[in-house]
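The structure appears below as structure tokens.
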Amino acid sequence: MLFNWFRKNKKTSANMAKERLQIILAHERAENKAPFLDDLRQDIIKVIAKYVDIDPSSINVNLQKDSSIEVLEINIPIK
Amino acid sequence: MAGKVLTITSGKGGVGKSTSSANISLGLALRGKKVVTIDLDIGLRNLDMILGLENRIVYDVVNIVEKVCKLNQAMIKDKRTDNLYLIAAAQTRDKSAVTAEQIVELTEELKKDFDYIILDSPAGIEGGFKNAMMPADEVIIITTPEISAVRDADRVIGILESNNKTEMSLIINRINPELVKKGDMMSKDDVLQVLNIPLIGVVPEDKNIVSYTNTGEPSILHSQSESGLAYKNIIQRIMGENVPFMEINEKKTGILTSIINFFKE
């Protein structure tokens with residue numbers, strides 16, 4: 001207890017486990033919740049590419065959920 | 001009687017599903033509830049041994065759904081209480097021997113006579129798990145404070161949600177207080193922050209579990225057992241009683257030991 005105070009600043013393996021889990025699970029949850037995201041991405045690329053010059057690998061499709069709202073975020077940088 | 005189907009699952013294997021199923025089933029029966037527990041890990045039967053009932057099995061769950069025997073012929077009465085019956089998994093068949101619809105039909109039938117139908121799910125997220133999930137009114141997810149168990153539990157929670165099984169609660173099994181204190185194991189709160197479903201129990205690591213399994217007497221039968229006490233609290237919570245979560249404390253260490261430990265690290 002007293003001695004733990006000295007090591008407070010050290011990052012424990014338990015903290016690392018928790019952080020790693022939070023990051024990977026946020027990713028996996030989005031993927032599992034919307035398995036269509038990859039197809040959607042492909043379709044968007046097809047449509048947009050008909051009209052403007054884009055780099056397919058730069059398109060970012062993301063489904064985010066805050067406590068109350070869900071946001072589908074699509075980022076398309078134009079060349 | 002309108003019984004309730006309680007499915008015990010985890011995703012990852014070896015985190016204590018069958019041990020928890022045995023303790024919860026026996027605990028509810030000892031509290032006067034009529035309980036039938038079904039081992040759905042077809043091909044890898046185990047609940048019978050944990051409950052110490054392996055010598056009494058004649059018929060199993062596959063025999064019931066294939067109508068080889070009558071329902072009551074495959075229900076094995078517990079040695080310690082008249083309130084508990086076990087339906088064993090078939091040992092020489094595989095998961096495809098039963099369908100989810102058949103298990104739903106079976107549990108509907110059992111609901112007429114029992115307060116609780118406990119389904120011990122196999123590990124994984126395939127057919128066997130789906131057989132255990134589809135009939136569930138409530139699901140208890142077992143995890144341990146390890147990343148692989150927690151990650152798999154999260155996956156299972158996601159699948160349950162997408163199947164509209166929203167009555168879920170979590171048991172964190174095998175918490176080792178000394179490791180938690182050293183920062184080498186995620187705490188109860190760490191796991192809850194990651195998984196974010198209601199907690200129904202925290203079970204401390206108990207080195208006697210192996211011996212309880214050896215003899216076929218689950219920890220809930222042992223009054224001195226810490227894990228047994230944790231399961232008793234879980235039973236009370238399942239029955240709707242409000243019980244505070246017990247503090248899982250490490251053994252008291254003196255100041256000298258603390259100093260030694262400090263320099264050791």
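The values are calculated or read from the model by the stated rules, or taken from the named source; none is laboratory data. Bear in mind the structure is a predicted one, so any value in this text is a computation, not a measurement. All Cβ positions, glycine included, derive from the backbone under ideal geometry; neighbour counts span all protein chains shown. Surface areas here come from the heavy atoms of the whole protein model, side chains and all, with no ligands, DNA or RNA. Shrake-Rupley method; radii C 1.70, N 1.55, O 1.52, S 1.80 Å.
Candidate cross-link partners of A:LYS50 among the lysines, defined by an alpha-carbon separation under 16 Å and a same-chain spacing of 8 or more, comprise A:LYS79. For the stretch B:121-197 and the stretch B:49-75, what is the separation of their C-alpha centers, rounded to whole Å? Taking the Cα centre of the stretch B:49-75 as reference, the centre of the stretch B:121-197 is 29 Å away.
Considering all different alpha carbon pairs of the stretch B:94-220, the Kirkwood hydrodynamic radius works out to 16.3 Å. When all alpha carbon pairs of chain B are counted in 10 Å bins from zero, the resulting P(r) reads 7, 31, 35, 18, 6, 2, 0 %. For a test of the definition: using alpha carbon positions, the gyration tensor, and the 1.5 limit on a/c, classify the stretch B:1-118 as rounded, prolate or oblate. Rounded shape, in that the Cα axes give a/c under 1.5. At the residue level, B:HIS222 shows approximately 50 square angstrom of accessible surface with a 1.4 angstrom probe and all protein chains present. Its Cα gyration tensor gives the stretch B:161-244 an equivalent ellipsoid, and the semi-axes of that ellipsoid, as √(5λ) in whole Å with the largest first, are 23, 19, 12. Interface residues of the stretch B:172-188, defined as those with an accessible-area decrease of at least 30 Å² between the chain by itself and the complete set of protein chains (probe 1.4 Å), are B:LYS181, B:GLY183, B:MET186.
Hydrodynamic radius of the stretch B:29-81 by the Kirkwood approach over all distinct alpha-carbon pairs: 12.0 Å. Of B:LYS17/B:LYS188; A:LYS65/B:LYS207; B:LYS33/B:LYS130, which ones are farther than 30 Å apart at the Cα? Over 30 Å apart, Cα to Cα: A:LYS65/B:LYS207. Calculate log10 I(q)/I(0) of the stretch B:72-168 for q = 0.10, 0.18 Å⁻¹, where I(q) comes from the Debye formula with a single equal point scatterer on each Cα and nothing for solvent. Debye curve over Cα of the stretch B:72-168, log10 I(q)/I(0) at q = 0.10, 0.18 Å⁻¹: -0.32, -0.97.
With N as its number of residues, chain A has a Cα radius of gyration that, divided by 2.2 N^0.38 Å, comes to 1.71.
Just check the protein assembly as shown against the gyration tensor rule for me: Cα atoms, a ≥ b ≥ c as the square roots of the eigenvalues, rounded for a/c under 1.5, and otherwise prolate or oblate depending on whether a/b exceeds b/c. Cα axes put the protein assembly as shown in the oblate bin.
What part of the accessible area of the stretch B:33-95, given as a whole %, is carbon or sulfur when the probe is 1.4 angstrom? Carbon plus sulfur share of accessible area: 45 percent.
Computed with a 1.4 angstrom probe on protein heavy atoms, the B-A interface buries about 1800 square angstrom of accessible area in total.
Surface exposure of chain B, expressed per residue as accessible area with a 1.4 Å probe, stands at 46 Å². Tally up the carbon and sulfur contribution to the accessible surface of the stretch B:114-172 as a whole percent, 1.4 Å probe, everything protein left in place. Of all accessible area on the stretch B:114-172, carbon and sulfur atoms account for 42 percent. Within the protein assembly as shown, antiparallel bridges make up roughly 25 percent of the DSSP beta bridges whose residues both belong there. Loop-located trypsin sites (Lys or Arg not before Pro) in the stretch B:149-237 (DSSP state not H, G, I, E or B) with no more than 10 neighbouring Cβ atoms inside 10 Å: B:LYS207.
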